[in-house]
Amino acid sequence: MILAEVVRSGFVECVHHGSVVVLEASGAVAASAGDVTGPVFPRSSNKPMQTVGMLRSGLRVADPADLALISGSHFGEPFHVDRVRSILRAAGVTEENLLCPVALPLSESERDAVVRAGGGPERIFMNCSGKHAGMLATCVANGWPLDDYRDAKHPLQVALADAVTDLVGEPIAATGVDGCGAPVLGFSLTALARGFLRLASAPGGYERQVADAVRAAPELVAGTGQDDTLLMHGVPGLLAKGGAEGVVAVGIPEVGAVAIKIEDGAMRARMPVLVSALRRLGVAAPVLDELATVPVLGGGVRVGEVRTTW
C-alpha cells in the first residue's frame, strides 16, 4: 500500500509503499495498512528486546544509562564511544573482542573530526558497538565463549532469541545476519508493536529497566537531533527504536504502540507515517508537527516535502 509520497515543486515525483500497524493500549489493532502479519526483519528495532534478554541472562551494569546505549544505534559521538569503552572495561574485555565491523561514526561532524585527526574506521565507532559490548559483558557473566558470540547457535544468541520470542508473543519466522554480523530475528509488524507495548507499559522487572533507561537517555539510543531522540524528548513516556531498511517501532504506556516497515527501505518515509499513526492514537505534541513532513530540497532551498498519504 502507498504510505507516503514525495512532492517536488507541486509534482508527485515518487511514492513509498509499506505496512503499518497501530495497537491500542489493550493490544487490539486500532488501524493497519499493508501486510502486518507476514514476517519482516525489524533490524535494530529488536535491540531493546535483546537487551531484556541480556539482563535475563545475567548482564548487570553500573549505570542504567548503559542499557540505553546497549539498546541503541549510536552515532559515534564522543559520549557514545566513551560509554562503550566503559562497558568493555567493566567486563574485563577490550575493543579487540568486538566482532562488529569497522566503521566511521554515523554523525557527519564526528566522522569529519576522525578523518581530520588522521583516524579511520574502527569497530568501536560502528553504530552497533554498544549492543556488542553488552553481548560481550553477558558472555563474561556466564563464562560463555567470546570468539563466536555472534553465531546464532551460541548460548547468548539462543537466550536472546528466547527473550524476543517471549516479548513479541510470536515464534521467530526467520533468522538472518544483521549488518553488524549478529543474528537478526524476523516476525510480524504486529508482533513488533506488541513487544514495544509490553516494554513501554511494563510495571517492573527487566522490561521496565530497559524502557526507563532508554526513555531517560534518548541521546544514547541514537544521537543528537536524531528522530528517536527527538521523539522520546518530545512525547512523555514514549519508547522508540528505529531500524534499517525503513523500520521503526514505538510504544507509549496507556496509549498504544506502532510498528512500520517501508517496503523499499526508504528511511525518509518513516516519520511522516509514524506521525499519522500516533495521531490516530490521540497523541499530540509539537515534535510531531516537526516530524510530519521531511523537506525536499532544490538548489539548497525547500521546494517540496515527503508526506504521508495514510
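The values are calculated or read from the model by the stated rules, or taken from the named source; none is laboratory data. Every value quoted in this text rests on a predicted model; they were computed, and no experiment measured them. Methodologically, a virtual Cβ is constructed for each residue, glycine included, from the backbone with ideal geometry; neighbour enumeration extends over all protein chains shown.
Name the one entry in 307, 279, 302, 268 that is more than 19 Å from residue 233 (Cβ to Cβ), at pLDDT 95 or above and not in a strand (DSSP E or B). Talk me through it step by step, then tell me what you get.
Details: 307 fails: not in a strand (DSSP E or B); 279 fails: more than 19 Å from residue 233 (Cβ to Cβ); 302 fails: not in a strand (DSSP E or B).
Answer to the check: 268.
For segment 254-265: of the residues being buried (at least 18 other Cβ atoms within 10 Å of the Cβ) and not in a strand (DSSP E or B), which is nearest to the chain's Cα centre (by Cα)? Explain how you work it out, then say what you get.
Start the filter on segment 254-265 by keeping residues that are buried (at least 18 other Cβ atoms within 10 Å of the Cβ), which leaves 255-263.
Keeping just the survivors that are not in a strand (DSSP E or B) gives 255, 263.
Numbers: 255: 20, 263: 17 Å.
Across segment 254-265, the extreme among qualifying residues is 263.
Among the residues of segment 29-43, which ones are in contact with a helix residue (DSSP H, G or I) (Cβ under 8 Å, 6 or more places away or on another chain), surrounded by fewer than 19 Cβ atoms within 10 Å (Cβ to Cβ) and in a strand (DSSP E or B)?
Selection gives 29, 30, 31.
May I ask you to list the residues in segment 92-112 that are within 18 Å of residue 75 (Cα to Cα), of a type outside the set (Gly, Ala, Ser) and free of Cβ contacts under 8 Å to residues at least 40 places away in the same chain?
95, 98, 102, 104, 105, 108, 110, 111, 112
Please verify whether segment 233-240 includes one or more residues that are more than 22 Å from residue 215 (Cβ to Cβ) and in contact (Cβ under 8 Å) with a residue 12 or more places away in the chain. If you could, list the steps in order and put the result at the bottom.
As a first pass, look at segment 233-240 and keep what is more than 22 Å from residue 215 (Cβ to Cβ): none.
Scanning segment 233-240, I find no residue that is more than 22 Å from residue 215 (Cβ to Cβ) and in contact (Cβ under 8 Å) with a residue 12 or more places away in the chain, so the answer is no.
When only residues in segment 29-66 that are among the hydrophobic types (A, V, I, L, M, F, W, C) and farther than 21 Å from residue 247 by Cα count, which is farthest from the chain's Cα centre (by Cα)? Spell out how you get there, then give the answer.
To start, the set of residues in segment 29-66 that are among the hydrophobic types (A, V, I, L, M, F, W, C) comprises 29-31, 33, 36, 40-41, 49, 52, 54-55, 59, 61-62, 65.
The next check asks that each one be farther than 21 Å from residue 247 by Cα; those that pass are 54-55, 59, 61-62, 65.
Numbers: 54: 16, 55: 18, 59: 20, 61: 20, 62: 23, 65: 16 Å.
So the residue we want is 62.
Please enumerate the residues belonging to segment 282-299 that are out of contact with any strand residue (DSSP E or B) (no Cβ under 6 Å at 6 or more places or on another chain) and not in a loop (DSSP other than H, G, I, E, B).
The first filter runs over segment 282-299 and keeps only residues out of contact with any strand residue (DSSP E or B) (no Cβ under 6 Å at 6 or more places or on another chain), leaving 282-292, 297-299.
Result: 286, 287, 288, 289, 290, 291, 297, 298.
When you scan segment 184-200, do you find a residue that is within 26 Å of residue 107 (Cα to Cα) and among the small types (Gly, Ala, Ser), even just one? Give the derivation first.
The initial filter retains those residues of segment 184-200 that are within 26 Å of residue 107 (Cα to Cα), namely 184.
From what is left, the residues that are among the small types (Gly, Ala, Ser) are none.
The answer is no, given that none of the residues of segment 184-200 is within 26 Å of residue 107 (Cα to Cα) and among the small types (Gly, Ala, Ser).
Would a scan of segment 122-143 turn up a residue that is closer than 26 Å to residue 32 by Cβ, of a type outside the set (A, V, I, L, M, F, W, C), at pLDDT 95 or above and in contact with a Pro (Cβ under 8 Å, 6 or more places away or on another chain)?
First pass over segment 122-143, keeping only residues closer than 26 Å to residue 32 by Cβ: none.
Checking segment 122-143: not a single residue is closer than 26 Å to residue 32 by Cβ, of a type outside the set (A, V, I, L, M, F, W, C), at pLDDT 95 or above and in contact with a Pro (Cβ under 8 Å, 6 or more places away or on another chain).
Do you know which residues across segment 285-307 are within 22 Å of the chain's Cα centre (by Cα) and among the hydrophobic types (A, V, I, L, M, F, W, C)?
Listed by number, the residues that qualify are 285, 287, 288, 291, 292, 294, 306.
What helices (runs of 4 or more DSSP H) lie completely within segment 92-199 and have 3 or more residues being of a type in the set (A, V, I, L, M, F, W, C) and surrounded by 19 or more Cβ atoms within 10 Å (Cβ to Cβ)? Steps first, please.
On the way: elements: 108-116, 129-142, 155-168.
So the answer is 129-142, 155-168.
Taking segment 281-310, which residues are touching a residue at least 60 places away in the same chain (Cβ under 8 Å) and touching a Gly at 6+ places or on another chain (Cβ under 7 Å)? Step through it out loud before you land on a result.
We begin by selecting, within segment 281-310, every residue touching a residue at least 60 places away in the same chain (Cβ under 8 Å); these are 281, 290-291, 296, 298, 303-310.
Listed by number, the residues that qualify are 281, 296.
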